[in-house]
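Structure, as structure tokens:
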Amino acid sequence: MQGTKLHYETGATYSYDYSGISQISMKGVPESTMETVWKAHVDVVGKCPTHYKVEAHRDNNMTITKTKDNRLCQERYATPDELPIPWLKTPLPLEQSVSSCQQEISHGIYTRIRCENSNNLRPGYGMYKYVISHLESELLYVGKDHGFLPSLSGIRGKLLTRTLHYDYHTSEKEEHLLPQFEDLMRELCEKTKETVTKDSADVTAKALHYLRMLPYTDVEQILIKIRGGHYCSSHHRLESLFLDALAFIREPSAVKLMVNELVTGRATRERNALYTAAFYLTSRPNRASVEALQPLFATFNPHISSATLGASVMVGTFCRHHADCTLETSVKKLVEKLSLIIQETCSSSADGSNHKESVAALKALGNIGVMTPSVIDIVLACLHNENIYNGIRISAAQAFRNVECNAYATTQFIDIAVNPHEDAEIRIEAYLAATTCATDDNFRFLVTKISQEFNSQVRSFILSHLMNLQKSSAPYKENIRYNLFGISIPDNFTSDVRKYSQNIDLSYYYPSLGLGIGIDSNVIYVPGSFIPRSLNLNITSSIGGTMMNMGEYGFRIEELESLLTELVKPEGYLSGSLLGTLFTGLLSKNKISNTKIYEVIKNFNDHERDPFQWFQLPEFLDKIYRQNKNKLPKLDLFARLNNQEATYASFTGNPLNIEFDRYLTLILNYVRESLFSMSHMNINKAHMGQLILEYDLPTIQGLPLKLKFDATAVAGFDMETNVLNIEEKHGGIVFRLKPSISIQIDGFLGYDSPLSHLGVKTRSTLYSNSGLSVSIISDSQNQIDFKIDLPKELEILNIESETYIKKTIGKNEIKIFPHPDMDTRLVYDHCVLNLESVIGLRLCYHMNVPDIFHSAILPFSSPSVVKLHFDKSTPTLQGYLLKTTLHNNKSGRIVHANLEAVEAPSVTGVEAVFTYIRCEASFQISATFKCDGIHGIGKIDFLNTDHQDSLSTYIQFENSEKIIAKGVKIELSEILDNRKTVKIYISPSDNFPEEFVILEAKLMRFYSGREVSVDMVINTKKYLTQYLDISVDIGLDLHRHRIDVNRNKHFELLLPQKLRQFESDIKIGLWKVLAFIRSPKDSVYLTAFHIRDDNTDIVDITGKHSLGLTAEGRGMSTENYISGTLGSDGYSFICRYDSADIRREILLKVLRASDDHLIAHFEVHHGYSGTEFTVKAIADIPNWMGAINFEGIATTGDSQSYHVDSKLRHGHHVIFQYEGPLTLILTSKLTHIQADSMITVFEAAPLKISPAVIISNDKQVFAVGMKIGEAPVFAVEWKMDHIKNKPLNFGFQLKLPAVVNTKISLLLDNHFMHGSVDNVILPNTHGAIRSKGFVDVDANARKIKVEFAWDADRDPSRKVSAEVSLNMNAATVRQSVIM
């Protein structure tokens, strides 16, 4: 292959696939009998791991088998989309894509080539539907001929070279398409001028397709023509659609226009976000697109800072695909502009006012990821400058995150990281910038220097980060792990994340599954700080072997420690002050004009009840900041996606400038303006959006399998509100709302090339258009007339979809559907006509969809339709005229309303009267209406008296054929204080006598001291019993328990004590449900639950339950016998519980009723015989598993010591055994727990564990030891003795017999301290090394003595000792070091 689009590597093996022929270079393949070689295979889909298998035969013959998994390819070039998501995992996951070719070679000539290609597409939903593509091809060597192939005789003209690699050049521009595009623009303007029509999305998709192929100058002229009214006079909506479309066509001309809209300030906030997203998602920008971005970087504009970040990501994407982008003039200009801003703002003379410009430039430069040597020097100079804000220096370090490794920059970062005079946060950030490019020598130098570091914050962070890098299994950290291999990293640093800087890495990756997730967080403190200076969180996941950065989020805060220190220190201003005092200080100094708020807060903090002192907050803040008012709290926030800066923010504030009255005024004004804008709104706009996904799956034949998904949406929104000063709006619109939307979705799966165009195509459309407007046409003292206008069409929902086989012959497209007899359909077509004569509208729905349960041709189908809409009975119907008249009187109000249809004589309209009447204990709301021979009445009555509450409704409809009248009443009455009755009435009139009661519920309560008896009866009556017959009777005894909260407060809680009766009999048609709980005598209960269908028992369960006490009254026993039938199977359940002073027994059995066959058996026994506790348990399910038995015995030697022996058996095999003594003392003065346990699991060697806990007033001991057999494993002991009038004694001991034996002791008195350490490494070996030492501190004598020997057994004289004597004027030090 020739050309500059492929990069060849020396010594690699390459192949080129074309039309089923696979040619392989034999370079580097050894001629052995059998060998397998892995090569990085540069293919049309990128770099793929390819497996070569070479078999050598006799007579110079060999067979080469090449296998490739397309799912594992990286750096793919077959598709313009480059989002960091798993390849083809959505919307149709590629389950399998494998290519295999076998090549037979004889004497250096290919004699046979067989190739197979398999692709499986299986969606995540509906997995029973999938697509399998299997292609086979074979090429045979016939002979050698110098003649011209007859099949090529028809080719005329020059052959053009084509490649399947992505072409960075945009589509060929065709000037002759401009007239067709302008016709589409005129059509689109007409279709979206007032509302969005059904085919607006289709026209928009065609217009975008033509727009991508127009010359750049034509695209710029089109916007000028739109604004000049060339296509239509009302061009507001067309201009909005065109400006939205710029974000989706991915052309340099569109980039130029978007940048112009942003720079000139014409882009709205929503369109600013849309253009920013377009910059981020541009996957293959070209040189012209990068050149068009120049004006964005000319000056710093905070209003388009997010767009500038998106543009920098776009430039970085360009450089990622062009290794020589530093030679591009447009890229060099951008980088030089940014470096110039950085150089000016990072100079030592900068006053800090322009630090926002420097941060923005550094963020953008980091997204681009390109730096020339001169730019590197400028950024590093900014990092070294100690006179500027630390946030700028940190941004300078982070700007190298995407830059190609530079040895000089890495060395500079390491020098800063190990510089003890540098700020701790800057050192850590410089170290992080160096890790990606550091070599193994760099890491060794770092470890050596940091191991001797005295700054605990820097030391703990760097060492923890290096240790996490060594342990991490993240694939993208593999290169760093390789450079750290063999380097010993000290672990003697403090790991308390509450006080010390740490790197926290929680990574879980499974290479075999291609799955994983990593959470990485940096917590950075600086010396002297008690809150983190900065904190970030990075989340990365892996699906299908593809790494995805889910985002990195973080913040840093500076100069906050001084404020908090002044607040919380012992002599600080919050010491002995109420929080409410803060508000008083704020109010008194800021002179809030609202005196009511001041009085409320003043009264809330009553001076007489406040024993604390008062202070003034501004004076307090002035004290904090008066020494250096430039040190204000600063907060920096950032968010990154895919290692690209997405957004950031910086806040700096001076609390001295707080003006609460101004802020309160601003908030109130904002609320008032928001309400006013909502009540006086005029919005008329249209927007569009498009999503295109296109993939080419390479095949052996050379024709790629195309997967394409296009979705285009056009939405229009017209809304006007004007409800303020409604009496002045004669003839004006009060409310108008007209939403509309058109969506078109196209999908294609198949072959699309000049040789063949065949595949499966689907097209779906969604359309909705509705709305109305209300306006006032006249207004008098008691009368207001409204006009309601209806749109031409009222399409609530209109969905159409079809899927078919598409075949193109020439310019003709042929739709191929399966036979209609195989397409089972569900068809519904109906309209609701009840109100057609009244309002002239009928609600219709139409549905014609395939039957998914019976259709045999899915997903193919003829066009499917789902439609919901209003139809006008008279095409001339324009709307309605509503006339309202209001009358007021002493008892209520009456409103007369008349609704008439406009331009529809056949529509009768509606006359209605609404009445509201109120009396002392009741009120009534009623409405009557009359229309086209229909008369209706509706009433709602509510009554509220001392002994009765009721709510009743009555509705009556009457026409020439029939009368429908129905009343419903709910009544709650109370008889005396202990009886309440609830009744529900249904009556044919607005009178409700007793014979129309359909449900009655009675509740009776009787009180006797603290005992409460409750009885409830629920019954259905009259004709309701024909459908639902309910009879429920419940009797329950409750007890009022008093719970004391404190000495003066308590509350009572009702708790159930006894269920005396429960009877339930429910009948629904032929179904009957019977349930009861009865008590024929004390302590005996009978239960039943039956479900019967006609004469067939579905469920039949009965039970008998007895409860008894022992003769002494110290125990109880319960017996439960339950028998039940579920369908045709019957079972019996036996449950027994016995308890007494010295025993407990629980038994549960499940038997088959027909033959008493045991289904399950569970039994537990617990007993106590004075000196012995016993526990036995049995679990046996014969048909599923063998019996499991547990036996435990605890024998008491006295009241404080026990011997425990327990075994768990499965059949005759012991699977777990615990044995040993136990001491247990739990008193108010002493807690003593000690055991010597022997644990055996199956047949393994016994494990001996000896824990001990002693807690008393003068002694605490925590110890645990473990042995396997007689061999000790480990032992740990911590103890503390504090006997009165004696020194405090601490002791710690750790024994790991094969590793270490450590003893630490500390003796502490009022004036004396003695500490010692004795440590043996590798004890019980010839190479054991003992180190020991001590420190003595004598406060009375003012002496300190220290001694440490690092080889105390072999040469005790090799030690370090020092003695210090202190007095008021001088210090004397005597020291000796013996090597």
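The values are calculated or read from the model by the stated rules, or taken from the named source; none is laboratory data. Everything numeric here is computed off the predicted structure, so don't read it as measured data. For neighbour counting, all protein chains shown are included, and Cβ atoms are generated from backbone atoms with ideal geometry for every residue, glycine included. With ligands, DNA and RNA removed, areas are computed over all heavy atoms of the protein, side chains included. Shrake-Rupley method; radii C 1.70, N 1.55, O 1.52, S 1.80 Å.
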Work out the charge dipole of the stretch 1246-1338 with +1 on the Cβ of Lys and Arg and -1 on the Cβ of Asp and Glu about the Cα centre, then indicate which of M1266, L1296, P1246 is farthest towards its positive end.
-> P1246
Reference-scaled alpha-carbon Rg (2.2 N^0.38 Å with N residues) for the stretch 996-1039 | 1.50
Which residues' amide hydrogens lie under 5 Å from the amide hydrogen of S864, considering only partners 5 or more residues apart or on another chain, with H built in the peptide plane?
-> S801, E802
Phi-based couplings in Hz for the stretch 109-116 (Karplus 6.51, -1.76, 1.60; Gly and Pro marked x) | 10, 5, 9, 7, 10, 10, 10, 10
Karplus-derived 3J(HN,Hα), 6.51/-1.76/1.60, for each residue of the stretch 1291-1298, Hz, glycine and proline x | x, 9, 9, 10, 10, 10, x, 8
Taking a quarter of the surface of the Cα convex hull of the stretch 199-240, what do you get in nm²?
-> 3.1 nm²
Using only the C-alpha atoms of the stretch 911-970, find the volume of their convex hull and express it per residue in Å³.
-> 51 Å³
Rh (Kirkwood; distinct C-alpha pairs) - the stretch 776-854, Å | 18.1 Å
List the residues whose amide H sits under 5 Å from the amide H of H757, counting only those 5 or more places along or on another chain, with H placed 1.01 Å from N in the peptide plane.
-> T808
Given the Cα atoms of the stretch 950-1030, and with Rh set as the inverse mean 1/r over their pairs in the Kirkwood sense, what is Rg to Rh to two decimals?
-> 1.15
Rg/Rh over Cα atoms for the stretch 1036-1086, Kirkwood Rh, comes to 1.29
Using every Cα-Cα pair within the stretch 1186-1320, state what percent have a distance larger than 23 Å.
-> 52 percent
Qualifying GluC sites (Glu not before Pro) in the stretch 955-1060, DSSP loop, other Cβ atoms within 10 Å at most 10 = E961
Per residue convex hull volume, Cα only, the stretch 249-373, in Å³ is 92 Å³
The stretch 934-1010 - percent of accessible surface contributed by carbon and sulfur, probe 1.4 Å | 58 percent
Given 20 °C and 1.002 mPa s, how large is the Stokes-Einstein diffusion coefficient of the stretch 1186-1258 in µm²/s, with Rh as the Kirkwood radius over Cα pairs?
-> 156 µm²/s
Quick one: which of 856-862, 485-491, 768-774 comes out on top by average Cβ neighbours within 10 Å, and what's the full order, highest first?
-> 768-774, 856-862, 485-491
Just round it to a whole percent: the fraction of Cα-Cα distances in the stretch 1095-1186 exceeding 20 Å.
-> 51 percent
Using a 1.4 Å probe, how large is the accessible area of D1129, given in Å² and rounded to the nearest 10?
-> 80 Å²
Would you kindly derive the ³J(HN,Hα) couplings of the stretch 1050-1058 from the backbone phi angles with the Karplus curve 6.51 cos²θ - 1.76 cosθ + 1.60 (θ = phi - 60°), listing them in order in whole Hz, with x for Gly and Pro?
-> 7, 9, 10, 10, 7, 10, x, 10, 7
GluC sites (Glu not before Pro) restricted to DSSP loop in the stretch 880-925 with at most 15 other C-beta within 10 Å = E903, E920
Using heavy-atom solvent-accessible surface (probe 1.4 Å) with all chains present, what is the largest-first order of H1165, H1213?
-> H1213, H1165
What does the convex hull of the Cα atoms come to per residue for the stretch 304-457, in Å³?
-> 105 Å³
Hey, if we sort R1040, R1354 by accessible area with the 1.4 Å probe, largest down, what's the order?
-> R1354, R1040
Please provide three numbers in whole Å: the alpha-carbon extents of the stretch 974-1111 along the principal axes, with the largest listed first.
-> 59, 45, 24
Please list R227, R459 in order of solvent-accessible area, largest first, computed with a 1.4 Å probe with all protein chains present.
-> R227, R459
Amide H neighbours of R825 at under 5 Å, excluding residues fewer than 5 places away on the same chain, with H built from the backbone geometry, are D851
